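The values are calculated or read from the model by the stated rules, or taken from the named source; none is laboratory data. Note that the structure is predicted; figures quoted are calculated from it, not measured. Glycine also receives a Cβ, built like all others from the backbone with ideal geometry; neighbour counts cover every protein chain displayed.
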Amino acid sequence: MPDANGSWRVVFGCFTAVGLSAAAGMAGTLAARACVVAWWQNLGAAGAWIEVLGTLAGAGLGLALVLALLRLLTGALALRRLASLPGQPESPTRGKVLAQGLVAVLLLIAFGALLLIGLRGLNWREVSPPGSGFQVMMPGLPIEQEEREDTPQGPARGKRFLSRTRDRFQAYAVGFLDYPDEYVRRNSAADVFKSQKDALVPSEGRLVSEELITLSGFPGTELQLETDDDRIMIFRMYLVKRRLFLLVAKCRKGTRPREVDTFFNSFTFTGG
């Protein structure tokens with residue numbers, strides 16, 4: 001006659017293994033994405049393979065944890081039964097069960113760390129590149145790119161710093177351009193902002209709102225654009241002497257994550 005309790009334990013063990021492996025795989029995906037954001041944003045499409053590896057590693061960790069816990073439980077129950085039979089040799093030994101317990105604890109710690117990184121991500125960090133003249137909080141380690149804009153008085157040159165988050169719909173960028181002195185003498189701040197707006201609308205999206213702003217006494221403007229892929233792009237520009245600072249935040253349409261405000265509110269001029 002089949003052992004009903006044994007069959008139930010097998011079914012329960014299988015469901016537990018599948019569930020924990022799936023949860024660990026998801027945690028591995030999120031943790032791998034957090035690592036890509038923190039250290040490897042310049043990998044481009046290769047970052048997707050890191051997420052796949054993270055999923056596989058997480059699922060493997062979850063399965064290993066289930067097996068370790070089952071072995072530990074089986075060994076502990078066997079020792080308990082032998083304790084009621086004096087004179088019988090221990091099989092498994094207490095040392096073996098303790099070793100199984102240690103393995104289970106280590107796997108549980110690894111699973112907890114994976115889950116913590118996956119859910120919380122890696123912290124935002126302060127970004128203040130030498131000579132940039134600004135300081136801002138951004139997720140991970142941004143990618144640095146050269147910037148150039150041609151004007152009638154000569155080229156404007158600068159740099160841009162791009163950063164993503166674990167949310168594929170979010171992205172952040174900050175950069176600057178140094179215009180020729182003659183260009184700044186011939187154009188007011190409003191003229192510079194209008195030139196930037198004309199370059200962005202409608203190529204980047206449909207203009208939703210426009211607002212004049214200031215920061216530390218310097219003039220600025222904020223543009224909000226709606227894109228065809230249901231995203232909102234928020235641009236903030238400031239003109240400090242002949243240097244234009246440009247900040248961009250992208251997020252899902254209809255939402256404004258708190259990280260967007262963290263990004264914009266943390267931006268300050270350093271004078272460097």
Residue in segment 163-176 that is at pLDDT below 95, among the acidic types (Asp, Glu), out of contact with any Ser or Thr (no Cβ under 9 Å at 6 or more places or on another chain) and buried (at least 16 other Cβ atoms within 10 Å of the Cβ) present: yes
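Do we find a residue being at pLDDT 70 or above, part of a helix (DSSP H, G or I) and loosely packed, with under 12 Cβ neighbours inside 10 Å anywhere in segment 40-53?
Looking through segment 40-53, none of the residues is at pLDDT 70 or above, part of a helix (DSSP H, G or I) and loosely packed, with under 12 Cβ neighbours inside 10 Å.
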Meets criteria (in contact with a Ser or Thr (Cβ under 6 Å, 6 or more places away or on another chain) and either surrounded by fewer than 19 Cβ atoms within 10 Å (Cβ to Cβ) or under 28 Å from residue 128 (Cβ atoms) (or both)) for residue 218: no
Which numbered condition residue 248 fails, given (1) surrounded by fewer than 18 Cβ atoms within 10 Å (Cβ to Cβ); (2) closer than 21 Å to residue 142 by Cα; (3) hydrophobic (A, V, I, L, M, F, W, C): (1)
Residue in segment 81-93 that is surrounded by 15 or more Cβ atoms within 10 Å (Cβ to Cβ), in a helix (DSSP H, G or I) and either modelled with pLDDT of 75 or more or within 47 Å of the chain's Cα centre (by Cα) (or both) present: no
